[in-house]
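The block underneath contains the structure these notes are about, expressed in structure tokens.
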Amino acid sequence: GENVEQHPSTLSVQEGDSAVIKCTYSDSASNYFPWYKQELGKRPQLIIDIRSNVGEKKDQRIAVTLNKTAKHFSLHITETQPEDSAVYFCAARGNDYKLSFGAGTTVTVRA
Amino acid sequence: NAGVTQTPKFQVLKTGQSMTLQCAQDMNHNSMYWYRQDPGMGLRLIYYSASEGTTDKGEVPNGYNVSRLNKREFSLRLESAAPSQTSVYFCASSELGNSNEQFFGPGTRLTVL
């Protein structure tokens with residue numbers, strides 16, 4: 001099955017700086033890569049996703065890049081704000097209905 | 001629309017007790033999922049139902065059973081709870097297709113003593 005690895009496990013950034021989270025996946029058939037944000041005590045919520053026919057996607061301060069050859073994808077958050085503090089999960093889905101999640105990155109934005 | 005709802009929100013069980021976690025969605029989604037979330041391990045798929053009438057094992061199915069009662073409802077049963085099943089359980093739903101967002105419920109925090 002699919003194996004998704006996520007790094008780093010924790011990330012502390014100064015407010016206004018950028019944050020980058022990286023994930024790798026094992027199944028070359030995977031074709032959908034969502035990112036979820038989970039605030040403390042809340043449910044995971046989708047913040048951005050990318051499909052395998054696209055190399056980069058942006059939505060305001062967040063962007064995701066995908067390198068299919070290297071089987072890795074990354075989340076970039078620019079101009080970080082205190083409300084960006086949360087746990088972020090990457091995931092990958094192949095030719096079935098199952099998402100495989102990374103272990104998560106706890107992001108702390110220091111004021 | 002309520003989205004995905006789960007009951008109960010919290011539950012404490014003794015080892016060996018049984019219980020059923022309930023999940024319902026009002027988005028007319030075909031696919032539903034049960035995950036468990038443990039510190040440092042992300043979300044792991046327990047069981048899923050691609051469409052009404054079908055269920056399949058995920059990554060960690062041992063000790064659990066599921067029922068897709070109808071299109072709206074997907075329940076998770078622990079027949080004989082063990083301390084290793086202490087976790088936060090999330091139900092999710094999505095439309096059929098490989099590129100569709102999964103919507104999560106609020107979660108059930110289960111402690112097995």
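Annotation: for a label point projected 7 angstrom from Cα along Cα→Cβ of A:THR10, residues of the range A:72-101 with backbone N closer than 16 Å are A:85-88.
Would you work out the relative contact order for chain B, in percent, from Cα pairs under 8 angstrom that are 6 or more residues apart? Intermediate results must be reported in sequence, preceding the final value.
Working: 295 pairs, mean separation 40.4, N = 113.
About 36 percent, as a whole number.
Taken one residue at a time, the phi angles of the range A:31-47 give Karplus couplings (6.51, -1.76, 1.60, θ = phi - 60°) of 9, 9, 9, x, 10, 10, 10, 10, 7, 4, x, 10, 7, x, 9, 5, 10 Hz. Gly and Pro are set to x. Protection proxy ranking of B:57-69, A:81-93, B:38-50, by the mean of other Cβ atoms within 10 Å over each peptide's residues and highest first, is A:81-93, B:38-50, B:57-69. Rounded, prolate or oblate for the range A:40-111? Axes are the square roots of the Cα gyration tensor eigenvalues, ordered a ≥ b ≥ c, and the cut-off for rounded is a/c under 1.5. The shape class here is oblate. Going by the alpha-carbon gyration tensor, a ≥ b ≥ c the square roots of its eigenvalues, is the range B:29-91 rounded (a/c under 1.5) or, if a/c is not under 1.5, prolate (a/b greater than b/c) versus oblate? Prolate, because a/c is 1.5 or more and a/b exceeds b/c. Placing pseudo-labels 7 Å out from each Cα toward the beta carbon at A:LEU40 and A:ASP59 gives an inter-label distance of 2.5 nm.
Grab the Cα-Cα distance for B:THR86 and B:THR54, subtract it from 0.36 nm times how many residues apart they are, and report the gain in nm with one decimal. It would help to have the intermediate numbers written out before the result.
Numbers: separation 32, 0.36 × 32 = 11.52 nm, distance 2.67 nm.
Additional length available on full extension: 8.8 nm.
What pairs in A:LYS22/A:LYS71; A:LYS42/B:LYS14; A:LYS42/B:LYS57; A:LYS37/A:LYS68 have C-alpha atoms more than 18 Å from each other? Beyond 18 Å between Cα atoms: A:LYS42/B:LYS14; A:LYS42/B:LYS57; A:LYS37/A:LYS68. Taken along the Cα-to-beta-carbon direction at a fixed 7 Å, the label points for A:ARG51 and A:THR108 span 4.0 nm.
Mean projection of the Cα convex hull over all viewing directions, computed for the protein assembly as shown: 12.1 nm².
Ranking B:SER31, B:PHE74, B:THR55 by how far each Cα lies toward the positive end of the dipole of the range B:29-113 (charges on Cβ) leaves B:PHE74 at the top. Counting every alpha-carbon pair across chain B, the share separated by more than 24 Å comes to 18%.
About its Cα centre, the protein assembly as shown has a charge dipole of approximately 360 debye under the convention of +1 per Lys or Arg Cβ and -1 per Asp or Glu Cβ, with nothing else charged.
Every read-out reported here was derived from the displayed coordinates using simple, explicitly stated rules and does not represent laboratory data. Treat the numbers as computed from the prediction; the structure is a model and nothing was measured. Cβ: placed from backbone, ideal geometry, glycine included. Neighbour counts: every protein chain shown.
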